[in-house]
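Data first, discussion second: the structure below is written as structure tokens.
Only the coordinates and a few stated rules stand behind these numbers; no lab work does. On a predicted model such as this, the values are computed, not experimentally measured, just so you know. Glycine gets a Cβ as well: all are built from the backbone with ideal geometry, and neighbour counts include every protein chain shown.
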Number of protein chains: 2
Amino acid sequence: MGEAMKNDKKSNLYEQVYVSIKEAIVKGVLSPNERLREVRLAEMFDTSRTPVREALRKLEKERLVTFEPSIGAKVTELNDETITSIYECRSVLEGLAAKKAALHIRQEDYYQLSEYIILSRQYFQAGNIEQVVEKNTLFHETIVKLSRNPALIQMVEHVRTEILRYRIITSSFGFRTRGFDEHDAILEAINGQDPDSAEELMKKHIQEDLQNILSGLNQYSVNFNC
Amino acid sequence: MGEAMKNDKKSNLYEQVYVSIKEAIVKGVLSPNERLREVRLAEMFDTSRTPVREALRKLEKERLVTFEPSIGAKVTELNDETITSIYECRSVLEGLAAKKAALHIRQEDYYQLSEYIILSRQYFQAGNIEQVVEKNTLFHETIVKLSRNPALIQMVEHVRTEILRYRIITSSFGFRTRGFDEHDAILEAINGQDPDSAEELMKKHIQEDLQNILSGLNQYSVNFNC
DNA sequence: ATAATTAATATTGTATACAATTTATATCAT
DNA sequence: ATGATATAAATTGTATACAATATTAATTAT
């Protein structure tokens, strides 16, 4: 896949490499535990090792890549403990986001968020799961941005990337339709300017989501690993 | 194993450079908004630019360093909005840590945590503020580790480094003695295996701390900037 | 044939070299 | 002197070269 980047030569190469490796990991092109040899990656993206190494340093901080002493980089492996620990963090962070959003929401934000919920329901009816996930993601992202807390926005974005790895594996296994109703309730709390309810509902919502992911992950293990 | 290692070059150089730059930023040796020229840093640590660049990539992810398009790296500036946004995150993250700690605490952990509180009070009596800060930090760190949540541990460590920058500036301006009592209360809730109280008390404690930092930061601005 | 030792290879970690671009300085025309 | 233009220096971004170490293959001794 060496022809990955012919066009946009505007930005930095290490930035592009960073994004590309990240995507490859998230989408599973690079498998968990796979060793990441620098020369191979460099060839893959048709660059030298320098941008690759810098990209790997950034990915390490995002827990997508793990460095072992003098062996080098590996794709961080997936397991129940990791996803659980991440989700616990996500729960309180997005809970905070919902709380803050309730202080900042405006008419137009409300319409936007309503739209996402409506669309995700429609796409679900139509069986277009990919679009459902996208609209749901937008719903969450919008709320996080409404928090107007830069540190929070960065942290959640971080966490979201990690979670996406698991979601891609498990998305084929059923969908939690109750989630739509929970989104409704969260939005009403935010729009009703009730920060505490918004926080609590969001935390619960994400905890429910974790349960769904975990059962999906277990099925996955049963079907493919054993 | 043979000693007489020239420059204790056991670990990687980019790791050392990373730690060194980080420390320099936290301690204010490198000032906020100061431009970080790669050659200068390389000379500073007697290396080439390569390890410096890799270190900077990691620091960027920790928000200690900011990259501007083709200008390069700068030390991220300090301001009220940033510290507030970070503290809001810290509040919910350490709140979660306290909650989880209440599920995992053992006798020995309790004794350890009590010890830290006792020592910090003693050092305060003795006027040794540096040691007070150290023991307080250990108190918080221990609780976070008790959460047994790896993602949480990493995130909080992250956040703690950033906060340290502000604490160093403001530590000279008074100390919030009420904090000791709050630590007592938190520890009792954790040891009493009351996760919800532990979480709530920790969140409040950190919010109080923010107010103290902010007033310190304002004094600082008044005294030095204007 | 097996274990131990040695040679070859691969891979990471670091330094240097080069290209592109920006920034600062100097030169010149008016 | 002033402003414009050209020249030099500095700085980032990328590629390559080299050194140290770990891994693998080959060779030898038993």
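Listing for the model above:
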item: Exam field: A:P150 pseudo-label spacings to other copies (7 Å along Cα-Cβ), nanometres; result: 3.1
item: The stretch B:38-160 pair-distance distribution - Cα-Cα, 10 Å bins, rounded %; result: 12, 28, 29, 23, 9, 0
item: Teacher prompt: A:S31 distances to equivalent labels in other copies, 7 Å Cα→Cβ, nm; result: 5.5
item: The stretch A:13-75: radius of gyration over Cα atoms, expressed as a fraction of 2.2 N^0.38 Å; result: 0.97
item: Dipole of the protein assembly as shown [Lys/Arg +1, Asp/Glu -1 at C-beta], most positive-end residue of A:L138, A:V75, B:M44; result: B:M44
item: Cα centroid separation, the stretch B:64-94 to the stretch A:50-107 (Å); result: 17
item: Average partner coverage of B:149-158, which counts Cβ from other chains inside 10 Å; result: 5
item: Inter-label distance for B:T177 and A:I168, nm, one decimal - labels placed 7 Å from Cα along Cα-to-Cβ; result: 5.7
item: Ascending list, in nanometres, of distances separating the B:Q107 label from those of the other copies (7 Å, Cα toward Cβ); result: 6.6
item: Cβ-based exposure ranking for A:H104, A:H140, in which fewest neighbours within 10 Å come first; result: A:H104, A:H140
item: Unit charges on C-beta of K, R, D, E only; dipole of the protein assembly as shown, Debye; result: 1380
item: Cα extents of the protein assembly as shown along the three principal axes, largest first (Å); result: 70, 52, 51
item: Partner chain coverage, peptide A:87-98 - average Cβ within 10 angstrom; result: 5
item: Ascending count of other beta-carbon atoms within 10 Å, so fewest first, for A:Y123, A:Y116; result: A:Y123, A:Y116
item: Residue-averaged 222 nm ellipticity for chain A, from DSSP H runs of 4+ at -39500 (n - 2.57), nearest 500; result: -23500 deg cm²/dmol
item: For chain B, convex hull of alpha carbons as volume per residue, Å³; result: 161
item: Net charge dipole size for the stretch B:121-206 [Lys, Arg +1 and Asp, Glu -1 on Cβ; Debye, nearest 20]; result: 300
item: All aspartates and glutamates inside 15 Å of A:K22 as judged from Cα atoms, apart from same-chain residues fewer than 8 positions distant; result: A:E34, A:E38, A:E54, A:E60, A:E62, A:E77, A:E157, A:E162
item: The stretch B:134-151 versus the stretch A:108-185: alpha-carbon centroid distance in Å; result: 32
item: Charge dipole (debye, nearest 20) of chain B; +1 at Cβ of Lys and Arg, -1 at Cβ of Asp and Glu; result: 720
item: Likely footprinting exposure, A:I186, B:I153, B:I168, fewest C-beta neighbours within 10 Å first; result: B:I168, B:I153, A:I186
item: Estimated FRET transfer efficiency (B:F45, A:E81; beta-carbon r; R0 51 Å; 0.05); result: 0.85
